[in-house]
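The values are calculated or read from the model by the stated rules, or taken from the named source; none is laboratory data. Bear in mind that the values here come from a model prediction, so they are computed numbers and not experimental data. We place every Cβ from the backbone using ideal geometry, glycine too, and count neighbours over all the protein chains shown. These accessible areas exclude ligands, DNA and RNA; they are computed on the full protein's heavy atoms, side chains included. Shrake-Rupley method; radii C 1.70, N 1.55, O 1.52, S 1.80 Å.
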Amino acid sequence: MNLAAVTLVAVATLLAGFYGLRLSRTTSDFYVASRTVSPLANASAIGGEYLSAASFLGVAGLVLAGGADLLWLPVGWTGGYLVLLVLVSAPLRRSGAYTLPDFAEARLESMAVRRTASLLVVLIGWLYLLPQLQTAGRVLAGMTGAPPWAGGPLVAAVVVIGVLGGGMRSITLVQAFQYWLKLTALAVPLVFLLAAWRRDGAPGIDDQAWLLPVTGDQQLYSTYSLILATFLGTMGLPHVLVRFYTNPDGRAARRTTAFVLVLLGMFYLLPAVYGALGKLYAADLADTDGVVLELPRRLLGGLLGEALTALLTAGAFAAFLSTSSGLTVSVAGVIGQDLLRGGVRSFRAATVPALGVPLVLALLLPASLPVATMVGMAFALSASTFCPLLVLGIWWRGLTAAGALAGLLTGGALTGAAVVWTVAAGQGEGWAAALLAQPGAWTVPLTFLVMVGVSRRTARPAGVARTMVRLHTPEGLRLDRGDWRPRRV
Amino acid sequence: MSALVRSQLRLSLFVCTLLALLVGGLPLLLLLVPPLREARLLGLPLPWLLLAGAVYPVFAGLGWWYVRQAERNEKDFEDLVERR
């Protein structure tokens, strides 16, 4: 039954992808769905794309393993959207840029900053894609008995076909559908599981260390660093920003983001409950990422258990597919525009390295860290590079190209090093390990300082005044906004 | 124009500060006030009710409040410009 569920999700995605091919004609369609998507549909699509394997499976797994402190992770992932809404949403949409490198070039009028931004988008995208593909392999193997190397390539294949078929537009429809699929897939089994728990006498959990947050000051540091990284990292994620630009104007962009907050909140109420149930009934699991899929079998059994497991497997695969698609589109978009010639053909060619590199890595590297942890590191990298760039670029006239470049390189290098170390060494004990596993608390402020410090000593871009007008004023007013246009579209 | 930017920035920073106090203060509060950590409401631990439940509607509410305020700022600015 699980195999059928997975096949169904894959086929549905492909069909939506092929249908999309007939709708997409120009490059503009291809990258950003021509900005004709309604706020609720857009918000559903953003939610669908954002909720990756880390949200669907990983949060429950980490909560099972680590207890109350891990509840901050989904709070951060939702709160990050609030921060995005408040600091970045309308001005970014008004900049007219399609991608983060576009924004960097528009605001700072520098190709060096643009190229650095492109490089960072690709790295963050790869860092986020890697755990999706790794987990897909494990889940497919666990649920259908397929060999462990099959899941990643399966997801990759479906993603590639879908992306090549329609680019952004087809993906909008698919993603919107997949948010609601994921919500349903996670909510429905929970009803049955909770009923079974009550029939069991509604047992409580005794493990106090697990139940109570913040035990020990290393834990306090990790919590704060996690909070910082997740709250500030959302705005710089490549797949978040790109879908953002599908709004018709700045106000719609704000409203869409507010909708996203509601949708994410609804979803994130669920994984913590799975984690708690897991503590009661599946505490022996070695691979905690599997708790969501294990519980129906353990608590319910029989045909109902099987059916619900199939539903959850479908949801998990929807999660792999949707986030991987979104990431691939944005990474391929950046590679196509900045490394290749730009245009539809470059985008298609760029899909190969965009997805290929993380796929190869996923097959080569044994999955040593839980999926939500790896995703957390992508957030840390984003928070240490693009957050300062966006916040300072949008609100401070004084940001210069040299300052931005210095900051991006500093944040990128330091966080990158911390990530590589933690992946290589695994999760250790002690202060050094904690500092490296959650680098956000020191890399983010450092990058801000570097950007501000260097900017003070260097020259501003020539068109700053007009750029600021463009970013902040409502589109209806007739004002001089300068004549910058995004490249080649 | 810079008045608009300033009022929008003030609004944004206000929400961010509120968020920071809420989010930043909660771990500290739970650490420094042990009875809160162990309190129970409706049979469920208070930290869980807050972190896994109440926080989400609060975020959504803040978000919608911000949207209304920001749009009002823009409308004021538009009125100002058009009156000239």
*Determine which single condition A:Thr215 fails, assuming it passes every other condition in (1) modelled with pLDDT of 75 or more; (2) of a type in the set (Ser, Thr, Tyr); (3) open to solvent by 20 Å² or more (accessible area, probe 1.4 Å).*
(1)
*For segment A:34-127, list the helices (runs of 4 or more DSSP H) that sit wholly inside it and hold at least 2 residues that are over 30 Å from A:Pro213 (Cβ atoms) and more than 14 Å from every other protein chain (Cβ to nearest Cβ); which are they?*
A:39-50, A:100-108
*asked:* Quick check on this structure: which one of A:Ala196, A:Ala202 is surrounded by fewer than 16 Cβ atoms within 10 Å (Cβ to Cβ) and over 30 Å from A:Ser38 (Cβ atoms)?
replied: A:Ala202
*Can you tell me which residues in segment A:326-340 are open to solvent by 30 Å² or more (accessible area, probe 1.4 Å) and free of Cβ contacts under 8 Å to residues at least 60 places away in the same chain?*
A:Leu340
*Determine, yes or no, whether A:Thr323 is over 20 Å from A:Trp77 (Cα atoms) and open to solvent by less than 10 Å² (accessible area, probe 1.4 Å).*
no
_With the requirement that a residue be more than 9 Å from chain A (Cβ to nearest Cβ), over 28 Å from B:Pro27 (Cβ atoms) and free of Cβ contacts under 8 Å to residues at least 12 places away in the same chain, what does segment B:51-75 give you?_
B:Arg68, B:Arg72
*With respect to A:Arg255, determine if the residue is assigned to a helix (DSSP H, G or I), open to solvent by 40 Å² or more (accessible area, probe 1.4 Å) and either without any contact (Cβ under 8 Å) to a residue 24 or more places away in the chain or of a type in the set (Ser, Thr, Tyr) (or both).*
no
*Within segment A:101-126, considering residues that are more than 20 Å from A:Leu340 (Cβ to Cβ) and either surrounded by fewer than 24 Cβ atoms within 10 Å (Cβ to Cβ) or of a type in the set (S, T, N, Q) (or both), the one nearest to the chain's Cα centre (by Cα)*: A:Ala106
_Subset of segment A:427-453 [more than 23 Å from A:Ile394 (Cα to Cα) and either more than 24 Å from the chain's Cα centre (by Cα) or open to solvent by 40 Å² or more (accessible area, probe 1.4 Å) (or both)]_ = A:Gln427, A:Gly428, A:Glu429, A:Gly430, A:Trp431, A:Ala432, A:Ala433, A:Leu435, A:Leu436, A:Gln438
*Any chance you could count how many residues in segment B:37-50 are on the phi < 0 side of the Ramachandran plot and more than 20 Å from the chain's Cα centre (by Cα)?*
8
_Condition first: modelled with pLDDT under 80 and farther than 20 Å from A:Ala54 by Cβ. Now tell me which residues in segment A:167-200 satisfy that._
A:Gly167, A:Met168, A:Arg169, A:Ser170, A:Thr172, A:Leu173
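Regarding A:Gln132, is this residue under 30 Å from A:Thr385 (Cα atoms), assigned to a helix (DSSP H, G or I) and touching a Gly at 6+ places or on another chain (Cβ under 8 Å)?
It is false that A:Gln132 is under 30 Å from A:Thr385 (Cα atoms), assigned to a helix (DSSP H, G or I) and touching a Gly at 6+ places or on another chain (Cβ under 8 Å).
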*Residues A:Leu405, A:Leu340: which one is away from chain B (no Cβ under 14 Å), more than 22 Å from the chain's Cα centre (by Cα) and not in a helix (DSSP H, G or I)?*
A:Leu340
_Condition broken by A:Thr400, with the remaining ones in (1) in contact with a helix residue (DSSP H, G or I) (Cβ under 7 Å, 6 or more places away or on another chain); (2) open to solvent by 10 Å² or more (accessible area, probe 1.4 Å); (3) closer than 30 Å to A:Arg470 by Cα; (4) not charged (D, E, K, R) satisfied_ = (2)
*Report yes if some residue within segment A:235-246 is within 14 Å of chain B (Cβ to nearest Cβ), modelled with pLDDT of 85 or more and in a helix (DSSP H, G or I); otherwise report no.*
yes
*Identify, by number, the condition in (1) in contact with a Pro (Cβ under 9 Å, 6 or more places away or on another chain); (2) among the aliphatic types (A, V, I, L, M); (3) at the interface with chain A (Cβ under 7 Å from one of its Cβ atoms) that B:Met1 doesn't meet.*
(1)
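Do you know which residues across segment A:175-189 are aliphatic (A, V, I, L, M) and open to solvent by 10 Å² or more (accessible area, probe 1.4 Å)?
A:Ala176, A:Leu181, A:Leu183, A:Ala187, A:Val188
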*asked:* Pairs needed: first member in segment A:387-400, touching a residue at least 12 places away in the same chain (Cβ under 8 Å); second member anywhere, among the acidic types (Asp, Glu); C-beta distance under 6 Å; at least 6 residues apart or different chains.
replied: none
*Could you tell me which residue of segment B:8-36 is surrounded by the most Cβ atoms within 10 Å (Cβ to Cβ), considering only residues that are within 8 Å of chain A (Cβ to nearest Cβ) and under 8 Å from the mean Cα position of the chain (by Cα)?*
B:Val15
*Just checking, which of A:Leu355, A:Leu308, A:Leu277 is within 14 Å of chain B (Cβ to nearest Cβ), out of contact with any Gly (no Cβ under 9 Å at 6 or more places or on another chain) and crowded, with 22+ Cβ neighbours inside 10 Å?*
A:Leu277
*Might you check whether a residue that is touching a strand residue (DSSP E or B) at 6+ places or on another chain (Cβ under 8 Å) and within 19 Å of A:Tyr224 (Cβ to Cβ) occurs anywhere in segment A:59-71?*
yes
_Residue pairs, Cβ under 6 Å, 6 or more apart or interchain, first in segment A:363-377 and closer than 19 Å to A:Ala150 by Cα, second surrounded by fewer than 23 Cβ atoms within 10 Å (Cβ to Cβ) and modelled with pLDDT under 85. List them._
A:Leu363/A:Trp149; A:Ser368/A:Gly426
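For segment A:137-155, give me the residue count where each residue is surrounded by fewer than 23 Cβ atoms within 10 Å (Cβ to Cβ) and part of a helix (DSSP H, G or I).
Step one: filter segment A:137-155 for residues surrounded by fewer than 23 Cβ atoms within 10 Å (Cβ to Cβ), giving A:138, A:141-150, A:153-154.
From the residues that got through so far, the ones that are part of a helix (DSSP H, G or I) too are A:138, A:141-144, A:153-154.
Residues flagged as surrounded by fewer than 23 Cβ atoms within 10 Å (Cβ to Cβ) and part of a helix (DSSP H, G or I) within segment A:137-155 amount to 7.
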